[in-house]
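Notes to accompany the following structure.
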Amino acid sequence: MYLNIDKEFETLIPQLTLEEYQQLEKNLVRDGCREPLVVWNGTIIDGHNRYKICRKREIEFQVKEMEFDDRQAAIEWIILNQFGRRNLPAFQRGALALRLKPIIQEKAKARKLSTLKQFNADVQKSALRDEKSKTRDELAKLAGVSHDTIEKVETIQKEGTPEQIERAKKGGKGNTVNAIYREIKKPKLSAFR
């Protein structure tokens, strides 16, 4: 069976390490593909690695079709599904949650604007600032991290060097979100002294 691969869907979640991929391949060869691949309109939304291994090794697999209203809903499902599956470092959890930021902001904005049509523009602007804070809190809750961590991950993604971003993805001593955030902000903070 041939399934479509959407590059955006495939790259939404962090790639498996070589060791994780090799372990998955060993498990599939030994036990078969026990979980169905999840698709939306014939396109894989969960199971990209299993699909590649099964095709390469000629292992049978099942498919489960999901229904979503639109592409954004499928993206939201992919990310939320990963939070329950993988033991990701805080940076990667935060980065995944930030992929949902535009979706959550749009939903919140639509909700708020529909209830504020009778108020003037100043009240609407104030309400939208409140929604920004609520969006940050919702992203933090989804990722299982603090709202400060979400802000720091966003700063690292925007202002960090590629080397700092890679270190944050790996985590560990000296590579925590806080440590790398301080590295990025330190030169700016000392400029004010």
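Measuring gaps between exposed loop sites in the chain (GluC sites (Glu not before Pro); DSSP loop; at most 15 other Cβ atoms within 10 Å), the longest gap, sites not included, is 68-193. Helix 147-159 and the longest principal axis of the Cα set of the chain meet at an angle near 80°. Gain on full extension, evaluated as 0.36 nm per residue between E159 and N178 minus their Cα-Cα distance, stands at 5.4 nm. Taking Cα centroids, how far is the range 156-185 from the range 13-29 in Å? Between the Cα centre of the range 156-185 and that of the range 13-29, the gap is 25 Å. Over the residues of the chain, the helix contribution to mean residue ellipticity at 222 nm works out to -20500 deg cm²/dmol, using -39500 (n - 2.57) for each DSSP H run of at least 4. Within the listed set F83, F61, F91, the Gaussian network model of the chain (springs between alpha-carbon atoms below 10 Å) gives the highest mean-square fluctuation for F61.
Based on Cα contacts under 8 Å between residues 6+ apart, the chain shows a relative contact order of 17 percent. Across the cross-link table entries K7/K52; K7/K109; K158/K186; K101/K152, which are compared at the Cα atoms, the separations over 19 Å belong to K7/K109.
Less than 15 Å from a label point 7 Å out along the Cα-to-Cβ axis of V29: which backbone N atoms in the range 42-85 qualify, by residue? Inside the label zone: 53-60.
Less than 5 angstrom separates the built amide H of V63 from those of L37, all sequence-distant by 5 or more or on a different chain.
Calculated FRET efficiency, K141 to E8, Cβ-Cβ distance, R0 = 25 Å: about 0.55 to the nearest 0.05. Per the Debye calculation on the range 15-77 with a single equal scatterer at every Cα and no solvent contribution, log₁₀ I(q)/I(0) for q = 0.23, 0.25, 0.28 Å⁻¹ amounts to -0.93, -1.02, -1.15. Among the trypsin sites (Lys or Arg not before Pro) in the range 1-89, those placed in a DSSP loop whose Cβ has at most 15 other Cβ atoms within 10 Å are R34, R85, R86. Tell me which label goes with the value of Kirkwood radius over Cα pairs in Å computed from the coordinates here: (1) 17.8; (2) 19.1; (3) 16.8. Of the listed options (1) 17.8; (2) 19.1; (3) 16.8, (2) comes from this structure.
Accessible surface calculations at 1.4 Å, restricted to protein heavy atoms, place the chain at 64 Å² per residue. For the chain, carbon and sulfur atoms together expose 49% of the accessible surface, with a 1.4 angstrom probe and every protein chain in place.
The values are calculated or read from the model by the stated rules, or taken from the named source; none is laboratory data. Remember, predicted model here, so these are calculated numbers, not experimental data. We place every Cβ from the backbone using ideal geometry, glycine too, and count neighbours over all the protein chains shown. The accessibility values were calculated without ligands, DNA or RNA, using every heavy atom of the protein model including side chains. Shrake-Rupley method; radii C 1.70, N 1.55, O 1.52, S 1.80 Å.
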